[in-house]
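Student: I'd like to ask some things about the structure below.
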Amino acid sequence: MYDCLQDSYTDFSFANFDAVGRPRPLCGSLSASPLTPADTPALQQLADFAHELGYELERNGEQLTVQDISLVDALSINARFGGELLISCDLRRDPPARF
């Protein structure tokens, strides 16, 4: 895992499934803001797309936050809107992995 804020890399592993075989997916929040004022319409397009997927949204000025997003949908949003929006995502596994 690479932490860009600390400029460090940590290698770790954990079980992707719990004791009865249910997946433990990563999920969390995704925040997006326009790269330039001309990219503001892309923020509304992201809001519409995330709403269609069933996510709750929080808008604060020029920043949009998608709540409880899955890793797969976060990657899809990044691929689709990453050229026009600054996207930040914090995904975690519940419960956290123990080391």
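The values are calculated or read from the model by the stated rules, or taken from the named source; none is laboratory data. Remember, predicted model here, so these are calculated numbers, not experimental data. All Cβ positions, even for glycine, are placed from backbone atoms using ideal geometry, and neighbour counts span all protein chains on display.
Student: Can you list the strands (runs of 3 or more DSSP E) lying wholly within the range 37-99 that have 3 or more residues being within 13 Å of Cys27 (Cβ to Cβ) and not polar (S, T, N, Q)?
Tutor: Strands (runs of 3 or more DSSP E) meeting the threshold: 63-70, 85-93.
Student: So, in the range 20-36, of the ones that are of a type outside the set (Val, Ile, Thr) and in a loop (DSSP other than H, G, I, E, B), which residue ends up modelled with the highest pLDDT? Don't jump to the end; show me each part of the working.
Tutor: Residues of the range 20-36 of a type outside the set (Val, Ile, Thr): 21-35.
Applying the additional criterion that residues be in a loop (DSSP other than H, G, I, E, B) yields 21-22, 24-25, 35.
Details: Gly21: 58, Arg22: 58, Arg24: 58, Pro25: 74, Leu35: 93.
It comes out as Leu35.
Student: Find the residue count for the range 34-44, including only residues that are closer than 14 Å to Asn78 by Cβ and surrounded by fewer than 17 Cβ atoms within 10 Å (Cβ to Cβ).
Tutor: Within the range 34-44, residues that are closer than 14 Å to Asn78 by Cβ and surrounded by fewer than 17 Cβ atoms within 10 Å (Cβ to Cβ) number 1.
Student: Now a separate question. Looking at the range 38-60, I want the residues that are more than 17 Å from Leu71 (Cα to Cα) and have a partner that is among the hydroxyl-bearing types (Ser, Thr, Tyr) and not in a loop (DSSP other than H, G, I, E, B) with Cβ atoms under 7 Å, at least 6 apart or on another chain. Which pairs are those?
Tutor: As it stands, the answer is Glu58/Thr65, since those pairs meet every condition given.
Student: Right, next: Hey, does the range 1-19 have a residue that's outside any loop (DSSP other than H, G, I, E, B), modelled with pLDDT under 95 and in contact with a Leu (Cβ under 9 Å, 6 or more places away or on another chain)?
Tutor: No.
Student: Just a yes or no: is a residue in the range 58-72 surrounded by fewer than 16 Cβ atoms within 10 Å (Cβ to Cβ) and in contact with a Leu (Cβ under 6 Å, 6 or more places away or on another chain)?
Tutor: Yes; the residues of the range 58-72 include at least one that is surrounded by fewer than 16 Cβ atoms within 10 Å (Cβ to Cβ) and in contact with a Leu (Cβ under 6 Å, 6 or more places away or on another chain).
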